[in-house]
2 protein chains.
Amino acid sequence: MADEVILLDFWPSMFGMRTRIALEEKNIKFDYREQDLFNKDSFLLEMNPVHKKIPVLIHNGKPVLESLIQIEYIDEVWPGQNPLLPSDPYQRAQAKFWGDFIDKKVYGPTRLIWGAKGEEQEKGKTLESELGDKIYFGGKTFGYVDIALIGFYSWFEAYEKFGSFSIEAECPKLIAWAKRCVKRESVAKSLPDSEKVTKFAPELKKKLGIE
Amino acid sequence: MADEVILLDFWPSMFGMRTRIALEEKNIKFDYREQDLFNKDSFLLEMNPVHKKIPVLIHNGKPVLESLIQIEYIDEVWPGQNPLLPSDPYQRAQAKFWGDFIDKKVYGPTRLIWGAKGEEQEKGKTLESELGDKIYFGGKTFGYVDIALIGFYSWFEAYEKFGSFSIEAECPKLIAWAKRCVKRESVAKSLPDSEKVTKFAPELKKKLGIE
């Protein structure tokens, strides 16, 4: 029996982008189902009753939740092509540390404040220094940490326009890394147009009640 | 060469307790080094320059950070005895989901507010329902989710005394589970006395500037 893979997602979601990229890296066909987060349907609520959030990866009827956990799951279930996590336990732990850092320090706060300049730049510098002169965060191959962070890039323009956010000048390596990543087919297919995100941003702010 | 394992920790830390328990489950001897979090020493800052927090697990000179990641690391490096995570990818993803839930919804907010009654009870009920009639969260064997949550139990008395927190009546299964867990040698060795925690709680609140 062929695998049935469904992704409940919302196009501008940086979390959803992670799961899309991981599936593309493994060349897995999936049924993408766009969700209306302001009017959640009963299938989403049934699949993620605790958090009621996207992305939800449904593999042969069973829901896998949380985007970083989904990346690991995808890597474990389809290990053959393009390993996403290193096999060495210490390097795996390092990759997970940076994934966790991105979730706690980069995605979370930024979503709330849309760019408090000093703080964001500090985090950008921490990531810039971790990247160093490597091609990707894990070294020579694109993987877990790259997937965890790259969705952010589609929001850069929106942050610059609506927040006080600008990291290009201070984090040239990070920008060069992002430009390398978006050339990859899996990323190009999974990230929305920056322009589309920037048009959508004021609409989202309004819906969330942020002025 | 024998493994050199050092744990930088702080005795009342629910996060540190996780790593202690995981090491005990694997029967790993480790050098426990108590840290003064209000006067951090240079070794801690060197080992965890990004977050500057405990617990830090140092294995043959290399730091592994974040308690849930440490449990996974310990399980991967010493797989022989007492597996902590299931081998099935879907069950692994489920375990990690609950670990993440505990971090985001149980530990985080509680530490800040010390028990806003309604909200805490709702989370207790979610965990109670996930536990159901199982012996441990993973079924018949003690593992990752049990380790992620049990440290909380040493703080119950303190929360009841200083917060408006009481879950015993509403979550009898959870309490029975906790009583089963603390009978385990690894847990008994790793959790501080509730009484000691309760005495320490007002001191901590004062240091954190919470009245």
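The figures follow:
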read-out	value
Solvent-accessible area buried by pairing A with B, both sides, nearest 100 square angstrom, 1.4 angstrom probe	2300
Estimated 222 nm signal from helices in the protein assembly as shown, with DSSP H stretches of n ≥ 4 weighted -39500 (n - 2.57), rounded to 500	-15000 deg cm²/dmol
Out-of-range pairs (alpha-carbon distance over 31 Å; input A:53/A:179; B:53/B:189; A:62/B:140; B:62/B:173; B:62/B:134)	B:62/B:173; B:62/B:134
Phi to ³J(HN,Hα) by Karplus 6.51 cos²θ - 1.76 cosθ + 1.60 over the range A:51-56, Hz, x for Gly, Pro	9, 6, 10, 9, x, 10
At R0 = 41 Å, FRET efficiency that the Cβ-Cβ distance of residue A:129 and residue A:205 yields, to 0.05	0.85
Cα centroid separation - the range A:23-37 against the range B:73-103, whole Å	26
Leading residue at positive end of dipole, chain A (Cβ point charges), from A:71, A:194, A:22	A:194
All aspartates and glutamates inside 15 Å of residue A:207 as judged from Cα atoms, apart from same-chain residues fewer than 8 positions distant	A:36
Debye intensity ratio in log₁₀ form over the Cα atoms of chain B, taken at each q of 0.13 Å⁻¹	-0.73
For the range B:5-77, the Rg and Dmax computed from alpha carbons only, in angstrom	11.1, 33
Derived scalar couplings ³J(HN,Hα) [the range A:188-198; Karplus, 6.51 cos²θ - 1.76 cosθ + 1.60; whole Hz; x for Gly, Pro]	4, 6, 9, 8, x, 4, 4, 4, 5, 5, 5
For the protein assembly as shown, alpha-carbon Rg relative to the globular expectation (2.2 N^0.38 Å, N residues)	0.99
Hits among aspartates and glutamates - C-alpha to C-alpha of residue B:196 under 12 Å, sequence gap 8 or more where chains match	B:157
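The values are calculated or read from the model by the stated rules, or taken from the named source; none is laboratory data. What you see is a predicted model; the values in this text were computed from it and never measured. Quick reminder, even Gly has a Cβ in these numbers, built from the backbone with ideal geometry, and neighbours come from all protein chains shown. Ligands, DNA and RNA are excluded from the accessible area calculation, which covers all protein heavy atoms including side chains. Shrake-Rupley method; radii C 1.70, N 1.55, O 1.52, S 1.80 Å.
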